[in-house]
Amino acid sequence: MAEQRIEFKSNNGIILEGLLSGGTTGQGVVITHPHPLYGGDMTNIVVETIQKAYQKKGHTTLRFNFRGMGKSTGSYDGGNGEQDDVAAAFDFLRGKDLQEIDLAGYSFGTWVIAQMADRTPADSVIMVSPPAAMMNFEPTAPIPNLKLAITGSHDEFAPPDLVEQLVHTWNPDAAFTIIERADHFFFGHTDKLSEILLKYI
């Protein structure tokens, strides 16, 4: 199903723009994007790769712009207001009568998810390149519903050794996959990323 441009409310009157695609499985996903201060938004190629993988599985998808990005109102809030944005997106999908809703994030989007994992009842969490060398993930609560973490062998922001340590803290039973020769932006490796995602979604 083609994505439709939508709007929904976050806290303090902030209006967020998103792209919604309907599904057939009764399952859905909220997808979060990379760092707003470095140009990250919902049209990012990795965010799009995640969205297409979930769509291929027949799931409802919602990717959206954090406050201050694109047509979303407000301004960057250091990750605090962004947590409210994720919660709002989650609540929006919950209104679609879905049985299960996942959270999937890329880069900064994974950091936001990690900060709020204990207050968003996602069925599964997927993290692509949690930027452990760039942002402080400590202390973060366990994420027992973490299913999969992926990074590239050449990712300087999410180096495999640091990501592996985080995954062990979050959920030692989660799958951890390294894409050989991929950097943080997965140039030339989005097909491999998609293949791995399809295996675990």
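Residue-by-condition table, conditions (1) buried (at least 20 other Cβ atoms within 10 Å of the Cβ); (2) aliphatic (A, V, I, L, M); (3) touching a Leu at 6+ places or on another chain (Cβ under 9 Å); (4) in a helix (DSSP H, G or I):
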{"residue": "ASP41", "(1), (2), (3), (4)": "no, no, no, no"}
{"residue": "ALA53", "(1), (2), (3), (4)": "yes, yes, yes, yes"}
{"residue": "PHE66", "(1), (2), (3), (4)": "yes, no, yes, no"}
{"residue": "THR73", "(1), (2), (3), (4)": "no, no, yes, no"}
{"residue": "GLU82", "(1), (2), (3), (4)": "yes, no, no, yes"}
{"residue": "LEU98", "(1), (2), (3), (4)": "no, yes, no, no"}
{"residue": "LEU103", "(1), (2), (3), (4)": "yes, yes, no, no"}
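For the stretch 136-178, the set of residues classified as hydrophobic (A, V, I, L, M, F, W, C), surrounded by fewer than 20 Cβ atoms within 10 Å (Cβ to Cβ) and in contact with a Lys or Arg (Cβ under 8 Å, 6 or more places away or on another chain) consists of ALA175 only.
What residue, among those in the stretch 126-135 that are without any contact (Cβ under 8 Å) to a residue 60 or more places away in the chain and of a type in the set (A, V, I, L, M, F, W, C), is surrounded by the fewest Cβ atoms within 10 Å (Cβ to Cβ)? Once the filter is applied, the top-ranked residue is ALA133. For the stretch 166-189, the set of residues classified as free of Cβ contacts under 8 Å to residues at least 12 places away in the same chain and either under 23 Å from ALA117 (Cβ atoms) or of a type in the set (A, V, I, L, M, F, W, C) (or both) consists of HIS168, PRO172, ASP173, PHE187, listed by residue number. Pairs meeting the criteria (first residue in the stretch 110-125 and touching a residue at least 40 places away in the same chain (Cβ under 8 Å), second residue hydroxyl-bearing (Ser, Thr, Tyr) and surrounded by 18 or more Cβ atoms within 10 Å (Cβ to Cβ), beta carbons under 6 Å, at least 6 apart or on different chains) are VAL112/THR32; ALA114/THR140.
Taking the criterion of being hydrophobic (A, V, I, L, M, F, W, C) and crowded, with 17+ Cβ neighbours inside 10 Å, the residues of the stretch 179-201 that qualify are ILE179, ALA182, PHE185, PHE186, LEU193, ILE196, LEU197, ILE201. In the stretch 148-201, which residues are in contact with a His (Cβ under 7 Å, 6 or more places away or on another chain) and at positive phi? Hit for the stretch 148-201 is ARG181, nothing else. Restricting LYS147, LYS199, LYS192 to those that are basic (Lys, Arg), in a helix (DSSP H, G or I) and either closer than 27 Å to GLN99 by Cβ or in contact with a helix residue (DSSP H, G or I) (Cβ under 9 Å, 6 or more places away or on another chain) (or both) reduces the list to LYS199.
FYI, it's all coordinate maths here, none of it is from the lab. This is a predicted model, so every value here is computed, not measured. Please note: Cβ atoms are built from the backbone with ideal geometry, for glycine as well, and neighbour counts cover all protein chains shown.
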